[in-house]
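Input: a single structure, listed below in structure tokens.
None of the figures in this text is laboratory data; all of them are computed from the coordinates on show. Keep in mind it's a predicted model, so treat the numbers as computed, not measured. Positions of Cβ are backbone-derived with ideal geometry, glycine not excepted, and every protein chain shown enters the neighbour counts.
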């Protein structure tokens, strides 16, 4: 089925549907909202009676109408992050729940195909894999992945101090900085670090960059 031949439309009653180039109705005009960003995957995100679901181009329900906005996804992902009862969970495109709805926020990362998601519970962040196994415990107030010196590392904050860790939790730079972040515009693969009130550029070994 060639997606280029399909056109989303809205009827006079304000309902969304889908027609082909000849005007034949492919998806009936019964939806309150429609998003065709997943059209390359042959799916449509739609809203009905205030709930979000996902259908295919034959109008078969893939994800039931039980969910809420916002929805997070991209055309290169295997997953769809969606919300229910103010919690984020994750579906695959077969309609299976991959990550249960137990996190306040879920973000997908593309830096590892197995270690996929950064998650938040309450005030704290951690990392899980696609099977909901804990990779980094949910105990950090800040997490950010960076590619530094050819290595994927995690800038993290814990107990009001910043450090750098590997995905397996091994400490690269100890948690002794007031601030850490990548500063690639100034010096490639450098870190902007504040320690004891002094700001400087350092490398992954904590050595100043002159």
Could you check the simple spin-label distance between residue 65 and residue 161, using points 7 Å along Cα→Cβ, in nm with one decimal?
-> 5.4 nm
Rounded if a/c under 1.5, otherwise prolate or oblate - region 1-72, Cα gyration tensor axes | oblate
Contour minus Cα-Cα span, residue 104 to residue 37, at 0.36 nm per residue, comes to 21.7 nm
Subtract the Cα-Cα distance of residue 205 and residue 15 from 0.36 nm times their separation in residues, and report this length gain in nm to one decimal.
-> 62.6 nm
For Kirkwood radius over Cα pairs in Å, calculated from these coordinates, the label among (1) 17.4; (2) 18.2; (3) 19.6 | (3)
Would you mind getting the Kirkwood hydrodynamic radius of region 33-73 from its Cα pairs, rounded to one decimal in Å?
-> 10.1 Å
Among 38, 147, 80, determine the one that fluctuates most according to a GNM of the chain built with springs between C-alpha atoms less than 10 Å apart.
-> 147
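How would 34, 118 line up from fewest to most surrounding beta-carbon atoms within 10 angstrom?
34, 118
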Compute the length gained on full extension between residue 195 and residue 97: take 0.36 nm times their separation in residues and subtract their Cα-Cα distance, giving the result in nm to one decimal.
-> 30.9 nm
Would you mind ranking 35, 199, 116 so that the residue whose beta carbon has the fewest other beta carbons within 10 Å leads the list?
-> 199, 35, 116
Find how many whole Å separate the alpha carbon centroid of region 64-120 from the alpha carbon centroid of region 17-55.
-> 20 Å
